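Student: The structure that follows is given in the form of structure tokens.
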Amino acid sequence: MRGLLFTVGILSFIFIRCGNTDKTTAKKEEAPILANATAVNASGDVDFEIYDYEGLAPLLNAEDDKIYIVNFWATWCKPCIEELPYFERIYAEQKNNNVELILVSLDMPSMWEKRLVPFVAKNNLQGKVVILNDPKMNEWIPKVDKDWQGGIPATLIYNSNQRFFYEGGFTYEELNQELNKFLNL
């Protein structure tokens, strides 16, 4: 619980410190929290689906024949950035085995155009990048996993038969080992 409160405190501080007081751009950054909303770069050629938790929930609970790797990350999180190449490599190696990679960005709206969009483009991320824009962290974090303290990186790996949640970063070998628990059923 202390970890969750610490994370909420840090994120609140970041939201306050990174908030833009210019009313013109503040309105622009207030993204609707709808499943069909998008965040685009200045040229309009990169977009991401923006969800509140209820909109994201179906991506966390699909009941089909696929294996889902859902990684919660942000561009400001160094351990998140360090492990992303491992997720991309695993996805490239396993996507033909019905593996889906969903990268859930927890970046703040003020970072979407200036940090998130360029980062995804520069690194040519192939996993599905979506944005979770839901300030009710105390409500949705335990819905993702009852033991999640709110720290990132965090990863959910699941299929229709089982699910495992991991708080903390992965090496390539660790991620591969965990995914093999699903591939070798």
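What follows draws every value from the coordinates through simple rules; no lab data is involved. Predicted model, so just to flag it, every value in this text is computed and none were measured.
Student: Per residue of the stretch 77-89, in order, report the coupling 6.51 cos²θ - 1.76 cosθ + 1.60 (Karplus, θ = phi - 60°) as ³J(HN,Hα) in whole Hz, putting x for Gly and Pro.
Tutor: Using θ = phi - 60°, the values come out as 9, 4, x, 5, 5, 5, 8, 3, x, 5, 5, 5, 5 Hz.
Student: If amide hydrogens are placed 1.01 Å from N in the peptide plane, which non-local residues have theirs closer than 5 Å to the one on ILE67?
Tutor: When sequence neighbours closer than 5 places are left aside, the close amide H contacts are VAL99, GLU100.
Student: I've got another one for you. Expressed in whole Å with the largest first, what are the equivalent ellipsoid semi-axes of the stretch 61-120 derived from the C-alpha gyration tensor as the square root of 5 times each eigenvalue?
Tutor: Those come to 24, 13, 9 Å.
Student: Need one number for the stretch 113-185: average projected area of the convex hull over its C-alpha atoms, nm².
Tutor: Mean projected area of the Cα convex hull: 6.5 nm².
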